[in-house]
């Protein structure tokens, strides 16, 4: 029996405030709602899912580093660290796992400083502007990348 693939979903600063923080931008769903949606999709895709959130850059870096050998892909909404963290970019590059970057809002329809992403420089794909459904699409994309990597001759 094959071991199920595992995906780590990481959420950065202020995402714990979903549902109350700027609902006109981020919607009314809470992070618990997003996690429940992800767990449902993970079960449908037959993958293990670990879902975490931190407001601390160093903790996110540590979790990314620990993902190597524990998970097969990372889905990351780095929040504001998307636009500022070389440390997160370097950690993602070092673990050599497929990364899907996700954002609830369309960062390209917002302030100009949000248009740059350090995460995008190492991510295999970016999904933004689709609200919590972006996480579902990110999980599906991560599963496709995992499947492709596990095919004979890959």
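Which order do the peptides 28-35, 107-114 come out in when sorted by mean C-beta neighbours inside 10 angstrom, highest first? Working shown, then result.
Values: 28-35: 16.4, 107-114: 12.5.
With the highest mean Cβ count within 10 Å placed first, the list reads 28-35, 107-114.
Between residue 28 and residue 106, what is the FRET efficiency for a Förster distance of 22 Å, r being their Cβ-Cβ separation, to the nearest 0.05? Can you show the working numbers first?
Details: r = 18 Å, r/R0 = 0.80.
FRET efficiency, residue 28 to residue 106: 0.80.
Given an 8 Å cut-off on Cα distances and at least 6 residues of separation, report the relative contact order of region 7-79 as a percent.
Result for region 7-79 is 56 percent.
Can you give me the angle between helix 57-67 and the longest principal axis of the chain, using Cα atoms only, in degrees from 0 to 90, rounded to the nearest 10?
Once rounded, the angle reads 10 degrees.
I want to verify a result. In a Gaussian network model of the chain, Cα cutoff 10 Å, which of these has the top mean-square fluctuation: 94, 78, 123?
94
Would you calculate, for the chain, the mean residue ellipticity at 222 nm contributed by helices, counting each DSSP H stretch of 4 or more residues as -39,500 (n - 2.57) and dividing by all residues, to the nearest 500?
-11500 deg cm²/dmol
What's the whole-number percent of alpha carbon pairs in region 113-154 lying beyond 15 angstrom?
That fraction is 55 percent.
Binning every alpha carbon pair distance of region 6-150 at 10 Å from zero, what are the percents per bin?
Reading upward from the zero bin: 12, 47, 35, 5, 0.
Enumerate the whole-percent occupancy of each 10 Å bin, from 0 to the last occupied one, for all C-alpha pair distances of region 1-47.
Calculated P(r), rounded to whole percents: 23, 43, 23, 8, 2.
Nearest 10 degrees is fine. How inclined is helix 31-45 to the longest principal axis of the chain, computing both from alpha carbons?
20
Relative contact order, percent, of region 6-150 when contacts are C-alpha pairs under 8 Å separated by at least 6 residues?
Computed over region 6-150, the figure is 27 percent.
Nearest 10 degrees, 0 to 90: what angle lies between the long axis of helix 86-95 and the longest principal axis of the chain (Cα atoms)?
10
Would you please state which residues of region 3-27 a label at residue 52 would reach in this model, taking the label point 7 Å out along Cα→Cβ and a backbone N cut-off of under 13 Å?
Hits in region 3-27 for residue 52 at 13 Å: 7-12.
Where a number appears in this text, it was derived from the coordinates with a stated rule and is not lab data. The structure displayed is predicted, hence computed values, not measured ones. Here the Cβ is made from the backbone with ideal geometry for all residues, glycine too, and neighbour counts use every protein chain on show.
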